Ligand SMILES: [Zn+2]
């Protein structure tokens with residue numbers, strides 16, 4: 001827990017509409033799927049009382065105010081007038097790559113002129129160009145970039161963030177990236193889960209000897225990451241042009257030996273045999289533009305969350321998006337994340353991602369809210385503390401200047417977040 005003092009008692013008063021993934025669900029049973037992905041509790045004229053960083057009461061205004069005033073002296077109670085706006089749980093952005101230095105503007109122009117992701121990568125752009133600048137950057141420069149990103153995220157309602165390394169791709173630069181994430185996490189009010197993504201792409205110097213790079217990841221990088229406790233998760237980009245399924249298994253096995261949880265980028269361009277990774281209980285499979293029937297069957301029977309990142313499809317100008325109905329009808333639990341990164345998804349905004357989910361993938365606003373909050377928390381294994389407005393959970397909330405939560409995805413790029421509460425602390 002950060003800092004010495006949490007805001008002692010905060011009353012979010014005059015809420016026009018409180019909207020949360022239904023509180024009538026036991027999140028220990030796993031992520032929300034099927035009908036539970038559509039269930040949102042709505043309370044008009046509401047209030048939320050938070051103390052010591054946790055939600056104490058949430059519900060009809062009169063009752064919450066009465067109970068809060070009975071517990072705490074008026075002088076000690078910080079009141080925030082939500083001006084009849086909407087309060088939702090803070091977003092859990094479960095997939096971001098903030099440890100980079102420069103935007104990729106040349107790639108941006110090339111893509112506009114018609115080059116594909118793979119053509120740009122072959123020409124030395126893409127991830128490899130970010131690697132060059134991260135290797136040259138100081139840790140302080142990386143921290144500055146990461147801190148900027150986290151602050152912007154909080155201003156748009158995000159309170160929990162997953163942050164990956166993966167633009168270093170050598171021991172020193174991966175450790176530098178993860179230390180930068182850790183240091184910023186210690187200063188930022190929100191909650192950060194760090195992910196080691198040494199297996200993002202095979203760096204140029206190992207082009208002729210991929211097996212050796214996989215060995216370096218497993219035997220040199222991963223043990224140091226674990227020893228310094230720099231990461232919660234290990235991620236692999238399992239894809240044509242990145243790492244094969246068997247290399248992914250090797251890296252997952254190494255992660256397991258070091259007691260780190262795993263997740264993967266998978267199915268962005270081609271379908272993978274997801275069932276191969278069963279033994280490692282991945283917390284999340286991310287992208288899933290391509291998934292075969294066996295993969296859907298496997299997902300519907302397991303608690304691995306599928307994290308969709310439509311910002312990448314949008315920025316790459318793709319016509320196609322993952323088939324949400326097929327996944328939802330099969331009972332696959334879905335989360336939404338920004339995939340914030342300089343090459344394919346330079347957005348920090350979860351409301352914008354919800355807009356894309358609704359307009360491009362035909363998720364309902366209720367499904368998008370559940371995916372952006374509680375199922376994001378499931379994808380980070382923190383749904384016991386985060387992702388819904390329930391007494392006892394962390395007081396992580398976002399206040400929007402609208403009348404109805406469905407307006408959050410409706411007003412595209414509307415920038416309507418008025419305030420964010422992180423563990424009971426108000427960030428206006
Ligand atoms: Zn990614």
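The values are calculated or read from the model by the stated rules, or taken from the named source; none is laboratory data. Since we're looking at a predicted model, the values are computed, not measured. Every residue, glycine as well, gets a Cβ built from its backbone with ideal geometry; the counts of neighbours run over all protein chains shown.
Okay, here's what the table says:
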read-out	value
Region 97-117, residues that are within 16 Å of the ligand (Cβ to nearest atom) and part of a helix (DSSP H, G or I)	107, 117
Count - residues of region 240-265 that are assigned to a loop (DSSP other than H, G, I, E, B) and within 15 Å of the ligand (Cβ to nearest atom)	2
Any helices (runs of 4 or more DSSP H) falling wholly within region 164-239 and containing at least 1 residues that are within 16 Å of the ligand (Cβ to nearest atom) and without any contact (Cβ under 8 Å) to a residue 60 or more places away in the chain	171-187
Any hit, region 397-408, residues being in contact with a helix residue (DSSP H, G or I) (Cβ under 7 Å, 6 or more places away or on another chain), surrounded by fewer than 24 Cβ atoms within 10 Å (Cβ to Cβ) and either modelled with pLDDT under 95 or assigned to a helix (DSSP H, G or I) (or both)	no
Residue in region 264-278 that is crowded, with 24+ Cβ neighbours inside 10 Å, under 21 Å from residue 169 (Cα atoms), in contact with a strand residue (DSSP E or B) (Cβ under 7 Å, 6 or more places away or on another chain) and in contact (Cβ under 8 Å) with a residue 60 or more places away in the chain present	no
Single unsatisfied condition, residue 114 versus (1) in contact with a helix residue (DSSP H, G or I) (Cβ under 9 Å, 6 or more places away or on another chain); (2) on the phi > 0 side of the Ramachandran plot	(1)
Helices (runs of 4 or more DSSP H) enclosed by region 282-377 - at least 2 residues per element that are within 16 Å of the ligand (Cβ to nearest atom) and surrounded by fewer than 24 Cβ atoms within 10 Å (Cβ to Cβ)	310-315
From the options 87, 64, residue that is more than 16 Å from the ligand (Cβ to nearest atom), in a strand (DSSP E or B) and at pLDDT 95 or above	87
